[in-house]
Amino acid sequence: MPADNMNVVIIDDNHDDLLRVQHCLNQILGEMEITYQIITADNFNSLSPQPHTFYVLDIDMPGQDGFNIAKVINEWQPSSAIVFCTNHIHLIHDAMRPNTLYFVNKSNLKEQMTLAVRKYIANRGMAEDFHFQFMRKSYSIPWSDIICFNTDGNNMQITVVNTPAPYHVHKSMKSIRDDALKNHFISCSASYMINLYHIKKIKYPYIYLSGDNKIKVGRRVIRYVEEARLSFLLRL
């Protein structure tokens, strides 16, 4: 995603609220001189999801569970970021997620939305894509959509969300290590690097990842991964 471009989706089934949020973001992004595109929708099902999207999600929508919508976004588009809008700020504690940027109180919309946008801009470098060749085709996949890397002989396997089989590419783990570390991966063995976004559960002797993937490791690695995951979750 170009550094000066921003893809924004507002989901709200209240027309007045939707227009208010849209007007607010037009002001903020215009003042910050950011090139952007805003799409509005009254539900998530009507959208054609794209990676690297700044979602503004009203969690006060009657008849819709905003947290379930957020869960779907997290599972299918981990490279995207979510801002929750609410009149009930106590709901914060029920919805913290690694890629949740901010909770915006509708009574203080512009000030708090501005903070969320600034935070998004400051952290967007983490959402760059990983490029590789597979079966003579070029691929560009968000780092946060990658569950893990592991060595496979002289090649490397790339396991990606919602993809039935890993990609086998002619790359070494060493060649991607520095970039992977910058994008929230950690080494959990000589042959595996895993994405902290995609750790679902840690229970010795396994680390359970998205997509029913799991890795068997020793007790020392379990402790190391637990500490790394806690630091990652607390970073926001």
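The values are calculated or read from the model by the stated rules, or taken from the named source; none is laboratory data. From a predicted model like this one, the values you see are computed outputs, not experimental measurements. All Cβ positions, glycine included, derive from the backbone under ideal geometry; neighbour counts span all protein chains shown. What goes into the accessible areas is simple: the full protein's heavy atoms, side chains included, and nothing from ligands, DNA or RNA. Shrake-Rupley method; radii C 1.70, N 1.55, O 1.52, S 1.80 Å.
May I ask you to verify whether Ile202 is among the β-branched types (Val, Ile, Thr), touching an Asp or Glu at 6+ places or on another chain (Cβ under 7 Å), more than 26 Å from Arg136 (Cβ to Cβ) and at pLDDT 90 or above? Spelling it out, Ile202 is indeed among the β-branched types (Val, Ile, Thr), touching an Asp or Glu at 6+ places or on another chain (Cβ under 7 Å), more than 26 Å from Arg136 (Cβ to Cβ) and at pLDDT 90 or above. Considering only segment 143-152, I want to know if a residue exists there that is free of Cβ contacts under 8 Å to residues at least 40 places away in the same chain, touching a helix residue (DSSP H, G or I) at 6+ places or on another chain (Cβ under 8 Å), β-branched (Val, Ile, Thr) and buried (at least 18 other Cβ atoms within 10 Å of the Cβ). The answer is no, given that none of the residues of segment 143-152 is free of Cβ contacts under 8 Å to residues at least 40 places away in the same chain, touching a helix residue (DSSP H, G or I) at 6+ places or on another chain (Cβ under 8 Å), β-branched (Val, Ile, Thr) and buried (at least 18 other Cβ atoms within 10 Å of the Cβ).
The combined condition, being over 30 Å from Ala122 (Cα atoms), open to solvent by less than 30 Å² (accessible area, probe 1.4 Å) and either hydrophobic (A, V, I, L, M, F, W, C) or in contact (Cβ under 8 Å) with a residue 12 or more places away in the chain (or both), is not fulfilled by Ile176. Within the group Val169, Val161, which residue is at pLDDT 90 or above, more than 27 Å from Arg219 (Cβ to Cβ), among the hydrophobic types (A, V, I, L, M, F, W, C) and open to solvent by less than 50 Å² (accessible area, probe 1.4 Å)? Result of the check over Val169, Val161: Val169. Under the condition of being over 21 Å from Asn14 (Cβ atoms) and either of a type in the set (D, E, K, R) or open to solvent by less than 80 Å² (accessible area, probe 1.4 Å) (or both), which residue from segment 55-93 is modelled with the highest pLDDT? In this case the residue turns out to be Ala81. The set of residues from segment 6-39 being of a type in the set (D, E, K, R), in contact (Cβ under 8 Å) with a residue 12 or more places away in the chain and assigned to a helix (DSSP H, G or I) comprises Asp17, Arg20.
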